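The values are calculated or read from the model by the stated rules, or taken from the named source; none is laboratory data. Only a predicted model underlies this, so the values are computations on that prediction, with no experimental measurement involved. Note: ideal-geometry Cβ built from the backbone for every residue, glycine included; neighbour counts use all protein chains shown. The accessibility values were calculated without ligands, DNA or RNA, using every heavy atom of the protein model including side chains. Shrake-Rupley method; radii C 1.70, N 1.55, O 1.52, S 1.80 Å.
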Amino acid sequence: MSLVSKSVLEMSFAGDEPPLEYIVKGCNFAPSDLSSCSLSSLFPVIDISLFSSSSAHSNSKEEVDIALETLRSALSSTGCFQAIGHGMSSSFLDNVRDVAIQFFELPVEEKQKYARAVNESEGYGSDMIVSANQVLDWSHRLSLRVFPEERRRNNLWPENPSDFRGTLLEYALKTNSVMDLLYKAMARSLNLEENSFSGQFGERSLMQARFNFYPRCSRPDLVHGVKPHTDRSGITILLQDREVEGLQILANNKWARVPVIPDALVVNLGDQMQIMSNGVFRSPMHRVVTNTERLRISVALFHEPEPEKEIGPVDSLVNEQRPRLYRHVKNYGFINYECYQKGIVAIDTVKI
Ligand SMILES: O=C(O)CCC(=O)C(=O)O
Ligand SMILES: [Fe+2]
């Protein structure tokens, strides 16, 4: 049978067993491979309104310092936390989830209008096939560049549902402000000048959206929704499904479930923050698992530096105890993409 004869969604509807191309060999999905650590200590919930200068007077310095320390500690251990106090209402976050579900539930001919072309990263499709023996992910995706505006490919932005474009734009603008706040807070948590990280991204930094759709699977013990990877971004902000869990992060060599907190945003760092922080902060390995009962969606926004801009470890994070770990690099997003195609760990290629 041909590799792409049936889509993941069709197989899910039919209750098919996953074909060989989707089966992960030698991967341990056993419960004993899951971390037994307290999930709230691995992925703390942080009220990020404490980092905003407009709320500086109403919060005690002590409260802010504790939040900064929790941030520093989470990002230097698991590289991930759950943000509340981001200023987006519960109903707005549900709108974002709703447009995602409505798009993926459209008839296939309608979705195909936005199909990703071969060798392109933007558009609607399934796992990109980059090698003959690749194991495929049990998911469908829609990837769209949001910023800068001149790099937007409007023809790939769905017109259906009718509020898709407006909702994505509003969500991306709000998330952009959250990211700004976080870059500054991360710098403050390490006693650095506030713009130490954000200043490296450039005026025309990139924001990429990825809508993920994971249909139910009859054999979740055999497949990945998304195979293990690190993100190539600086920061990734992930809106999880309101109810269905699936994201797992590798912490102390065990996979840890990231719990669903409906109105929280999952913040996880990407490789470019690991580079800029000279390895102080971590870009976590993560994966998505599926289940037999319910489909799952998520919406990830990835923020990356302007490709022409060189990024590298902040000078004051390089010292005798912590020698420079990474070289300066331009267009890491592209390096990461090429490495993915060759099956190489991208961040290793910029190590000194
Ligand atoms: O669906 C998720 O929870 C995570 C997806 C993800 O890791 C990604 O899109 O890079
Ligand atoms: Fe990811």
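Would you mind listing the strands (runs of 3 or more DSSP E) fully within region 58-176 where at least 2 residues are of a type in the set (D, E, K, R) and at negative phi?
Once the strands (runs of 3 or more DSSP E) in region 58-176 are filtered for at least 2 residues that are of a type in the set (D, E, K, R) and at negative phi, what remains is 140-147.
Among (1) over 11 Å from D271 (Cβ atoms); (2) under 21 Å from the mean Cα position of the chain (by Cα); (3) open to solvent by less than 80 Å² (accessible area, probe 1.4 Å), which single condition is E304 missing?
(1)
Can you run down the residue pairs with Cβ atoms below 7 Å, 6 or more apart or on separate chains, where the first is in region 156-184 and under 27 Å from P107 (Cβ atoms) and the partner is hydroxyl-bearing (S, T, Y) and outside any helix (DSSP H, G or I)?
From residues that are under 27 Å from P107 (Cβ atoms), the pairs are L156/Y114; P158/Y114.
Could you tell me how many of the residues in region 28-53 are in a strand (DSSP E or B) and not β-branched (V, I, T)?
Residues that pass the stated criteria total 2.
Output the strands (runs of 3 or more DSSP E) that fall wholly within region 217-313 and possess 1 or more residues being within 14 Å of ligand 2 (Cβ to nearest atom) and of a type in the set (D, E), or say none.
296-304
Which condition from (1) open to solvent by less than 50 Å² (accessible area, probe 1.4 Å); (2) touching a residue at least 40 places away in the same chain (Cβ under 8 Å) is the one that T70 breaks?
The single condition T70 does not satisfy is (2).
What number goes with the only condition from (1) within 15 Å of ligand 2 (Cβ to nearest atom); (2) within 24 Å of L192 (Cβ to Cβ) that I352 does not pass?
For I352, the exception is condition (1).
Considering each of K25, K6 in turn, give the residue that is open to solvent by 50 Å² or more (accessible area, probe 1.4 Å), part of a loop (DSSP other than H, G, I, E, B) and more than 30 Å from W157 (Cα to Cα).
Residue meeting the stated conditions: K25.
Among (1) more than 16 Å from ligand 2 (Cβ to nearest atom); (2) in a loop (DSSP other than H, G, I, E, B); (3) crowded, with 23+ Cβ neighbours inside 10 Å, which single condition is M186 missing?
(2)
Read through the list (1) within 10 Å of ligand 1 (Cβ to nearest atom); (2) among the small types (G, A, S); (3) over 19 Å from the mean Cα position of the chain (by Cα), then give the number of the only condition that A187 fails.
(1)
Within the set of pairs 6+ apart or on separate chains, which have a first residue in region 327-352 that is within 14 Å of P307 (Cα to Cα), a second that is among the aliphatic types (A, V, I, L, M) and modelled with pLDDT of 90 or more, and C-beta atoms under 6 Å apart?
Correct list of pairs: V329/V350; I335/A346; N336/A346.
Quick one: in region 132-182, which of the residues that are in contact with a Pro (Cβ under 8 Å, 6 or more places away or on another chain) and farther than 30 Å from K25 by Cα is most open to solvent (accessible area, probe 1.4 Å)?
Among those that are in contact with a Pro (Cβ under 8 Å, 6 or more places away or on another chain) and farther than 30 Å from K25 by Cα, it is R165.
Hey, can you tell me all the residues within region 56-67 that are loosely packed, with under 15 Cβ neighbours inside 10 Å and touching a helix residue (DSSP H, G or I) at 6+ places or on another chain (Cβ under 9 Å)?
Selection gives A56, E63, I66.
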